[in-house]
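Working notes, beginning with the structure itself.
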Amino acid sequence: MSTSSFSRRTLLRSIAAGGAALAAPSVLAACSSSSSGHDVSNAGKKLAPWPTYQPFSGPAADLPGTADGVQPGYLTYPKKLVSAVADKPGNGETIKVMTITYGTPPKPASSNKFWAAVNEALGVNIEFTVVPDSDYDNKMATLMAGNDLPDVINLGGGHVLPREAQFVQAKCADLSEYVSGDAIKDYPNLANIPTYAWQDMGRISGRILGIPVQRSAPGTTLWINNDIFTAAGMKDGWTSDDFMAVAKEATHGKKYALGAAQQTGFGFAVHTMAFGAPQEWKLDGGHFVDAYGTEEYKAALEFMVKLRRAGTYLPNALSTSTVDCKTLFYNGTVASMGDGFGALTTSIPSIKDAFVLDGAVPYSPSGGGKPGMERARGIFGYTILKKAEPERIKLILRVLDYLAAPFGTKEYELTHFGIEGTHFTRDAEGSPIPTDLGLVESTVNLPIKYLSDAPQVLYLPGRPEDVKRNHAWQTKIAPMLVRNPRFGLQSETSTRSGAAIAQFRLDTIGAIVAGRKPLSAWDGAVKKMRSDGLDKIAAEYATDYAANH
């Protein structure tokens with residue numbers, strides 16, 4: 001997800017393991033928390049060194065990765081697993097954690113064998129609160145405005161939170177002394193996180209205040225039902241006119257080519273970049289220039305309006321949740337959905353071979369131009385720790401280190417596949433294949449992978465052909481990936497006003513594409529966004545960029 005949902009339409013439905021719901025104050029309440037007034041810029045600060053990178057020497061890949069972001073691919077599971085952690089991190093302590101979720105809530109720990117096994121391996125009792133994507137902003141506003149924090153929080157999913165950096169600086173632990181430079185060697189699995197992930201997380205006032213959850217290069221992807229799109233005429237090197245023709249052909253009755261959800265704004269992240277617009281910002285001689293005033297961005301909006309008028313979008317896209325959109329994609333009601341690259345591993349078991357899942361290669365604008373695609377921020381998000389005594393911080397870092405154990409280790413097998421014979425069995429090649437229970441008790445429902453995770457590899461148990469297919473797709477789109485230059489930078493104005501600007505942008509795009517506002521309203525929206533803070537944000541990013549480079 002590349003934009004904040006920040007929905008004012010939804011009530012707080014944050015779901016804890018115990019099922020309690022909390023009342024939500026105004027989202028803006030977070031802005032009046034004690035975090036206000038802190039200088040989060042890196043300009044003029046002494047910068048904590050990035051952790052010393054120590055790569056894990058794991059199993060050789062069948063399909064090599066590349067420097068421009070193609071993942072190493074594994075067609076079979078490693079025959080011999082190694083141990084990445086010598087001792088249990090804890091000794092019976094309780095750790096309260098909170099993450100976002102895109103699945104249903106987990107069963108309670110007392111009846112959840114996966115959860116119980118993870119607790120046993122970690123030597124701690126994890127008390128989990130999971131928050132649905134659609135409620136995440138409201139829940140975080142409540143949390144940031146108060147003082148009762150869980151021990152561990154993942155700030156993730158691409159959400160833009162008001163005064164996030166100030167909140168983290170004021171209320172969360174400074175991890176610099178534990179992870180900067182060679183200090184990271186006490187946590188070798190965290191040391192295996194590549195440097196670009198730490199850089200894309202960024203420093204706050206020169207300090208390292210979180211642990212990044214690494215993600216691979218592809219960003220927001222148009223995931224397609226390949227069977228339908230191929231039958232409708234999809235081809236290599238297609239143009240926007242070709243895409244329109246395919247979308248029309250793939251739409252009939254109550255089946256639609258294009259699924260979308262309220263948080264994805266009719267898939268604007270896919271279409272604006274296909275038309276050659278920058279990913280939010282471009283860097284021009286040290287100056288930051290926003291994407292929204294470009295002709296490419298406006299041309300993409302015009303194209304999206306045409307797609308909607310042609311009836312190719314799910315009609316109620318602006319009131320459909322991300323979870324519901326996934327369900328409609330899986331059951332064939334819609335033939336595509338925009339989602340992050342992580343949807344590859346979660347979608348394949350949900351589709352159950354009803355169709356072939358593929359990522360679409362971006363089309364080029366019919367009038368000429370070079371297509372692009374989001375290069376993801378190198379992290380899903382980052383994990384912050386409540387301020388505590390050093391021994392408590394070290395305990396939690398050991399837990400996060402265990403969860404970051406890399407592919408090819410026994411710890412990775414447990415945290416990603418569960419218990420053999422309970423959550424998975426092995427096929428003839430030794431690949432872990434989920435059982436029915438393994439599809440229910442998993443990292444989708446108990447999202448420990450959002451607290452800390454190993455660097456991602458391309459491996460799909462028992463599905464080597466899907467690995468080959470996706471590796472080939474990654475190879476095609478790698479040259480098209482465009483990085484957002486603001487990743488890892490700080491802007492005080494962005495932390496104060498960025499969420500509201502992002503919500504206004506999303507609402508305006510939705511209104512224009514849905515036909516409630518004319519395309520001409522976009523010019524006025526760009527002027528408003530710039531006067532509301534975009535111009536100041538651009539200047540602050542430029543200053544912070546200079547400080548970091």
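Miscellaneous remarks
- A Förster distance of 35 Å, applied to the separation of the beta-carbon atoms of residue 81 and residue 177, puts the FRET efficiency at 0.60.
- Size of electric dipole in the chain: Cβ of Lys, Arg +1 and of Asp, Glu -1, about Cα centre, debye, nearest 20: 900
- Length released on extending from residue 60 to residue 295, taking residue separation times 0.36 nm less the Cα-Cα span: 80.1 nm
- Straight-line cross-link partners of residue 96 among the aspartates and glutamates, defined as a Cα under 13 Å from its Cα and at least 8 positions apart when in the same chain: 127, 148, 151.
- All alpha carbon pair distances within region 394-446 were sorted into 5 Å bins beginning at 0; the resulting P(r) in whole percents reads 5, 20, 24, 23, 16, 7, 4, 1, 0.
- The H on the amide N of residue 356, modeled in the peptide plane, is under 5 Å from the matching H of 226, 227, each at least 5 residues off or on a different chain.
- With a threshold of 24 Å on the Cα-Cα distance, the over-threshold entries among 326/517; 352/410; 410/449; 282/468; 306/352; 254/306 are 326/517; 352/410; 282/468; 306/352.
- For region 143-153, the Karplus equation 6.51 cos²θ - 1.76 cosθ + 1.60, evaluated at θ = phi - 60°, returns couplings of 5, 5, 7, x, 10, 9, 9, x, 5, 9, 9 Hz by residue, with Gly and Pro reported as x.
- The Cα center of region 88-103 and the Cα center of region 472-518 differ in position by 31 Å.
- Shape call, region 166-275: gyration tensor on alpha carbons, a/c limit 1.5: prolate
- Linear extension gain, residue 527 paired with residue 43, 0.36 nm per residue minus alpha-carbon span: 171.4 nm
- Partners for residue 527 among aspartates and glutamates (Cα-Cα distance below 19 Å; same-chain residues under 8 apart left out): 280, 290, 295, 296, 302, 507, 535, 540
- For region 139-197, the equivalent ellipsoid derived from the Cα gyration tensor has semi-axes of 26, 14, 10 Å, listed largest first.
- Between residue 306 and residue 475, the FRET efficiency from the beta-carbon distance, with R0 = 45 Å, is close to 0.90.
- Taking 16 Å as the straight-line reach from the Cα of residue 185, the aspartates and glutamates in range (excluding those fewer than 8 positions away in the same chain) are 87, 177, 401.
A short reminder: the numbers here are calculations on the coordinates, not readings from a lab. Since this is a predicted model, take the numbers as computed values, not measurements. Reconstructed Cβ throughout: ideal geometry from the backbone, glycine too, with neighbour counts over all protein chains shown.
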